[in-house]
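Bear in mind that the values in this text are calculations on the coordinates, not laboratory data. Just so it is clear, the structure is predicted and the values come from calculations on it, not from any experiment. Cβ placement follows ideal geometry from the backbone for every residue including glycine, while neighbour counts extend to all protein chains displayed.
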C-alpha cells in the first residue's frame with residue numbers, strides 16, 4: 001500500500017531573464033495547495049533543471065519564462081529530461097507567452113501553459129489532474145477505508 | 001501495492017544497483033512515502049563497503065546552513081570525496097505542502113556527478129528532521145557516498161533529532177545569536193561537536209566567538225573532546241576548509257576513542273524504539289475507528305487498564 005504523498009514540483013527559471021517574482025508566487029501557491037515545491041533559483045540551464053528534477057524525483061517541472069525564448073527553452077528542457085530517462089515528468093510553463101505560441105509548446109510536450117492572470121486554483125488543479133491522471137500509475141490516492 | 005507501484009520499485013532497485021542516480025532518487029521517494037516497503041528495499045540493495053561519515057548541520061533559521069553546506073561540499077570535492085546531501089525544510093501544518101529552498105544555495109554543485117542533493121519536507125517531524133531522514137541516509141550510505149551532509153530545518157533550542165542521526169554535529173550560529181547567557185542555555189548548545197560562527201565579519205562576531213569559547217570553558221565536558229569554535233563567511237568560502245578539518249579531527253576522535261561505537265549503539269536503540277512506535281501508531285490508526293477499541297483506549301487513559309494489556313491486545317489483533 002503506497003500512501004498518498006504530496007506531489008513534488010520543481011519550479012525553475014531557465015535562461016537569462018532575472019525576474020522571479022512570478023515564480024516565487026507560484027511556489028507559494030502550490031505549497032498552499034499541499035505540494036512540495038523545490039525552487040531552483042535564477043538563470044538555470046536545461047541540464048541543471050533536468051538534474052534537479054532527477055535528484056528530487058519530481059512529478060512536475062514548472063518553467064517560468066519571461067524572456068520570450070520559451071520555444072527554445074521548453075524544447076531544450078524537455079530534451080534534457082527525456083535524455084535523463086524522465087519521460088513521465090509533467091512539464092508546464094508560465095510567464096509572458098503569446099497565445100499563438102501555445103500550440104507549438106503543447107506539440108513539443110508541454111502539458112499546460114499559464115499566462116499572466118492565471119488563477120492559482122487552476123494551476124494547482126491542472127497539476128493534480130495531470131499527475132493523478134498520468135499516475136493512477138504509481139500514485140494511488142489515499143488508502144480506501 | 002498495485003502493479004505500477006511494483007514496477008516502479010523494481011525499476012528503482014535495478015537502477016540503484018547499477019549505480020544510477022535515478023535509482024537512488026526513486027528509492028528515496030519510496031521509503032519516504034511508504035515506510036512499510038523500506039524493509040524490503042534495504043534487504044535487497046545490500047550495504048556499501050565504503051566507510052562513510054555523516055555530518056549534521058543545524059542551527060537557527062538564516063544562520064547560513066545551506067551556504068555552509070555548499071561551501072564545505074566544495075572542500076570535500078577538492079579532496080575527491082563523493083557527497084550526498086539531505087536538506088530538510090518544514091512542511092506547512094496547514095496545507096501539508098512545503099517550499100524546499102535549501103538547494104538554491106548549492107547551485108554550483110547541480111551538475112557535479114559526485115554530488116547528490118535531495119530536499120526533504122519534515123512531513124510531521126518535529127525535531128528538525130523528517131521521519132524518513134534516517135532511511136534516506138541509509139540509502140545514500142548504501143549507494144556508496146563516503147560523506148553525507150544533513151542539513152536540518154532552522155531550529156530553536158530543543159529540536160535535536162539530528163544528534164541521533166549523524167556522527168558529527170556542527171551547530172551553526174551567527175553573531176546576532178545573542179550574548180553569553182544564550183550560549184549557556186541547554187539543548188542546542190550542548191549537542192555541538194563543532195561550533196561554527198558564520199557571518200563572522202558582522203558586528204559582534206569576535207565578541208560572540210569569545211563568549212562562546214568562555215562558556216565552553218566553564219561547561220562540563222561530555223568527554224575528552226572539546227568542541228572547537230570556528231569562524232566562517234560561508235558565502236565567500238572563508239573558513240570552510242577549517243570547519244572540515246575540525247570535523248575530520250572529530251571523526252578520528254570518534255574512531256580512536258571508541259565513542260563512534262557508543263554513539264552507534266545509542267542511535268540504534270533510539271531507532272528501534274522509533275520504529276516500534278511508528279509501527280504501533282500505524283496499527284492503532286487501523287483499529288481506533290471501532291467502538292470496542294475506542295472504549296479500551298478510554299480505559300487505558302483513565303488508568304483502569306494497564307498499558308501492557310493494551311499493547312498485547314494490539315499485537316494479538318494482527
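Springs between alpha-carbon atoms under 10 Å, Gaussian network over chain B: tell me which of B:283, B:77, B:264 tops the mean-square fluctuations. Result for chain B, Cα springs under 10 Å: B:283 fluctuates most.
Taking every C-alpha pair closer than 8 Å and separated by at least 6 residues, the mean separation divided by the residue count of chain A gives a relative contact order of 28 percent.
Stokes-Einstein diffusion of segment B:265-316 at 25 °C, 0.890 mPa s viscosity, Kirkwood radius from Cα pairs, rounded to a whole number: 204 µm²/s. Here segment B:1-46 is treated as an ellipsoid with the same Cα gyration tensor; its semi-axes, largest first and in whole Å, are 15, 12, 10.
Could you bin all the Cα-Cα distances of segment B:1-110 into 10 Å bins starting at 0 and give me the percent of pairs in each, rounded to whole numbers? Pairs per bin, as whole percents: 11, 33, 36, 18, 1.
Across chain B, C-alpha contacts under 8 Å between residues 6 or more apart give a mean separation that, scaled by the residue count, equals a relative contact order of 17 percent. Find the all-direction average of the projected area of the Cα convex hull for segment A:32-110, expressing the result in square nanometres with one decimal place. With every direction weighted equally, the projected area is 5.4 nm². Based on the reciprocal of the average 1/r between different C-alpha atoms, the Kirkwood radius for segment B:87-232 equals 16.8 Å. Ordering A:52-58, B:58-64 by mean Cβ neighbour count within 10 Å, with the highest value first, yields A:52-58, B:58-64. Entry note, chain A: the mean residue ellipticity at 222 nm calculated from DSSP H runs of n ≥ 4, each adding -39500 (n - 2.57), is -12000 deg cm²/dmol after division by the residues and rounding to the nearest 500. What's the whole-number percent of alpha carbon pairs in chain A lying beyond 20 angstrom? Across chain A, Cα pairs with separations above 20 Å total 43 percent. Note on segment B:96-138: Cα-only Rg and Dmax are 12.0, 32 Å.
Taken over segment B:223-269, the alpha-carbon convex hull comes to 84 cubic angstrom per residue. Computed over chain B, the Cα gyration tensor eigenvalues convert (square root of 5λ each) into semi-axes of 36, 26, 18 Å, ordered from largest to smallest.
Of all DSSP beta bridges confined to chain B, the antiparallel ones make up roughly 5%.
Of B:177, B:241, B:278, the residue with the greatest mean-square motion in the GNM of chain B, using alpha carbon springs below 10 Å, is B:278.
Scoring A:43-49, B:209-215 by mean Cβ neighbours within 10 Å over their residues and listing the highest first yields A:43-49, B:209-215. Let a ≥ b ≥ c be the square roots of the eigenvalues of the Cα gyration tensor of segment A:1-44; is it rounded (a/c under 1.5), or, if not, prolate (a/b larger than b/c) or oblate? Verdict is oblate for segment A:1-44. Inter-chain Cβ neighbour count for B:90-99, averaged per residue, equals 6 (cutoff 10 Å, partner chain atoms only).
Determine the shape class of the protein assembly as shown: with a ≥ b ≥ c the square roots of the Cα gyration tensor eigenvalues, call it rounded for a/c under 1.5, and otherwise prolate if a/b is greater than b/c, oblate otherwise. Oblate. Largest GNM mean-square fluctuation among B:305, B:31, B:88, using chain B with Cα springs under 10 Å: B:305.
Taking every DSSP helix (H) stretch of at least 4 residues in chain B, weighting each as -39,500 (n - 2.57) and dividing the sum by the residue count yields a mean residue ellipticity at 222 nm of -15000 deg cm²/dmol.
Neighbouring Cβ atoms from other chains, within 10 Å of the Cβ of residues in A:41-53, number 3 on average. All Cα-Cα separations within segment B:172-296 were binned at 10 Å from zero, giving a P(r) of 11, 29, 25, 16, 11, 8, 1, each value a whole percent of the pairs.
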